[in-house]
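Below is one structure, written out as structure tokens, with a few remarks after it.
The values are calculated or read from the model by the stated rules, or taken from the named source; none is laboratory data. A quick note: this is a predicted structure, and the numbers were derived from the prediction, not measured. Quick reminder, even Gly has a Cβ in these numbers, built from the backbone with ideal geometry, and neighbours come from all protein chains shown.
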């Protein structure tokens, strides 16, 4: 397995984990009574967007 293939696999795993956390946060917001259509945008606004979460996860690894 070459370097680029390993990096692609790692990126795919990271994207899946970010997506999972983001979806969970949206479900939590909806459970607390937020309107489903607004939950996505509110979560992005509150800093759990893809870019910020990706930076935190990369720094922690």
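Pairing residues of segment 1-23 that are in contact (Cβ under 8 Å) with a residue 60 or more places away in the chain with residues that are in a helix (DSSP H, G or I), at Cβ distances under 9 Å and at least 6 apart in sequence or on separate chains, gives no pairs at all.
Residue pairs whose Cβ atoms lie under 8 Å apart, sitting 6 or more positions apart in sequence or on different chains, and linking a residue in segment 37-61 that is within 12 Å of residue 26 (Cβ to Cβ) to a partner that is at pLDDT below 65 and surrounded by 10 or more Cβ atoms within 10 Å (Cβ to Cβ), are 43/49. Is it true that residue 7 is surrounded by 12 or more Cβ atoms within 10 Å (Cβ to Cβ), out of contact with any strand residue (DSSP E or B) (no Cβ under 7 Å at 6 or more places or on another chain) and at pLDDT 70 or above? Judged against the criteria, residue 7 is not a match. For segment 27-40, the count of residues that are part of a helix (DSSP H, G or I), surrounded by fewer than 13 Cβ atoms within 10 Å (Cβ to Cβ) and modelled with pLDDT under 85 is zero.
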